[in-house]
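Everything on this sheet refers to the single structure shown next.
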Amino acid sequence: MNPVFVYIYVIIWFFISILTFVLYKIDKEKSKKGQFRIKERDLLLCTIALGSIGGLMGLYIVRHKTKHWYFVLINWLSFITHCYVLYYIFTNVGAIV
């Protein structure tokens, strides 16, 4: 199996997760100062678009959006889905190429 696809997926997942975490952190700081905030839709879209690890870090390290049940649910479902996609790429894509 050619592990290039796995490496590419993990690298993209890592960088988008960092971006998502930073967005959660910025939104938390803006909420403390009463400033204009990042839309919830944008935070969740970043989480779904391979930012699940950063979203979970934003929830549990920054303690941001933890009272919104849909943030917790979407972050965990996205993480499980991203793990499954990684597993699928790892086990099946090598057979195709």
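The values are calculated or read from the model by the stated rules, or taken from the named source; none is laboratory data. Everything numeric here is computed off the predicted structure, so don't read it as measured data. Heads up, the Cβs are rebuilt from the backbone with ideal geometry, glycines too, and the neighbour counts pull from every protein chain shown.
Points to keep in mind about this one:
- Remark: pairs (first residue in region 28-41, surrounded by 10 or more Cβ atoms within 10 Å (Cβ to Cβ); second residue assigned to a helix (DSSP H, G or I); Cβ separation under 7 Å; 6+ apart in sequence or on different chains) = 37/27; 37/30; 37/31; 38/23; 38/26; 38/27.
- Scanning region 15-24 for residues that are farther than 14 Å from residue 85 by Cβ and not hydroxyl-bearing (Ser, Thr, Tyr) turns up 15, 18, 19, 21, 22, 23.
Residue-by-condition table, conditions (1) farther than 22 Å from residue 26 by Cβ; (2) at pLDDT below 95; (3) among the β-branched types (Val, Ile, Thr):
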residue	(1), (2), (3)
54	no, no, no
64	no, yes, no
73	yes, no, no
77	yes, no, no
83	yes, no, no
89	yes, yes, yes
94	yes, yes, no
97	yes, yes, yes
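- Close Cβ contacts (under 8 Å, 6 or more residues apart or on different chains) running from residues in region 71-88 that are under 13 Å from residue 60 (Cα atoms) to residues that are acidic (Asp, Glu) comprise 71/40.
This table checks each residue for (1) in contact with a Cys (Cβ under 9 Å, 6 or more places away or on another chain); (2) within 19 Å of residue 67 (Cβ to Cβ); (3) at pLDDT below 95.
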residue	(1), (2), (3)
7	no, no, yes
13	no, no, no
19	yes, no, no
25	no, yes, no
31	no, yes, yes
36	no, no, yes
45	no, no, no
49	no, no, no
